[in-house]
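Accompanying notes for the structure given below.
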Amino acid sequence: QVQLVESGGGLVQPGGSLRLSCAASGSIFSIYGMGWYRQAPGKQRELVATISKHGTTNYADSVKGRFTISRDGPKNLVYLQMNSLNLEDTAVYYCNLVRPGSTIWGQGTQITVSS
């Protein structure tokens, strides 16, 4: 059974930075990629950034130039470096892992941007 555990969330002021981490554990033999999604109150979950097993990245327009996704493949870790945070970035952030036949989600970590 594969599990994802996110860490690094919290409260930050506008303009600040945070780094999220996601660790995958369990029987992982093959993956297509990993990513970060977020869900703000009253809104649908949306893509933030993804990274393929080959290192190809994809970002939502709203975070391009501010967020950076990276991955430590052998350790099945994925990171999200978030800079220049603004109020609209407040949400629960979820890590996911896509593999043949299934998508695994973490439990989520809260990011609150507030002055």
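The values are calculated or read from the model by the stated rules, or taken from the named source; none is laboratory data. On a predicted model such as this, the values are computed, not experimentally measured, just so you know. Don't worry about glycine lacking a Cβ; one is built from the backbone with ideal geometry, like all the others, and counts go over all protein chains shown. For the accessible areas, the whole protein counts, side chains as well, though only heavy atoms, and no ligand, DNA or RNA atoms are used. Shrake-Rupley method; radii C 1.70, N 1.55, O 1.52, S 1.80 Å.
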Can you report the number of residues in the stretch 52-72 which are modelled with pLDDT of 95 or more and either farther than 25 Å from PRO100 by Cα or assigned to a strand (DSSP E or B) (or both)? 13
Show the residue pairs that are 6+ apart or on different chains and have beta-carbon atoms under 6 Å apart, the first residue being within the stretch 87-108 and more than 18 Å from LEU77 (Cα to Cα), the second being among the hydroxyl-bearing types (Ser, Thr, Tyr) and modelled with pLDDT of 95 or more. THR90/THR112
Within the stretch 20-35, how many residues turn out to be part of a strand (DSSP E or B) and touching a residue at least 60 places away in the same chain (Cβ under 8 Å)? 6
Examine the stretch 11-33 for a residue that is on the phi > 0 side of the Ramachandran plot and either among the aliphatic types (A, V, I, L, M) or modelled with pLDDT of 95 or more (or both), and state whether such a residue exists. yes
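Return yes when ILE111 is among the β-branched types (Val, Ile, Thr), open to solvent by less than 60 Å² (accessible area, probe 1.4 Å) and out of contact with any Gly (no Cβ under 6 Å at 6 or more places or on another chain) and no when it is not.
Judged against the criteria, ILE111 is not a match.
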Of everything in the stretch 80-101, what is open to solvent by 40 Å² or more (accessible area, probe 1.4 Å) and of a type outside the set (A, V, I, L, M, F, W, C)? Give them in sequence order. GLN81, ASN83, SER84, ASN86, GLU88, ARG99, PRO100, GLY101
Subset of the stretch 74-95 [under 15 Å from GLY8 (Cβ atoms) and assigned to a helix (DSSP H, G or I)]: ASP89
Out of ARG45, ARG66, ARG71, ARG38, report the one residue that is closer than 15 Å to GLY9 by Cα, charged (D, E, K, R) and surrounded by 14 or more Cβ atoms within 10 Å (Cβ to Cβ). ARG38
Test each condition in (1) free of Cβ contacts under 8 Å to residues at least 40 places away in the same chain; (2) of a type in the set (A, V, I, L, M); (3) within 26 Å of SER115 (Cα to Cα) for VAL48 and report the one that comes out false. (1)
Exclusive hit being of a type in the set (Ser, Thr, Tyr), farther than 14 Å from ASP89 by Cβ and over 12 Å from the mean Cα position of the chain (by Cα), set SER21, SER7, SER17, SER25: SER25
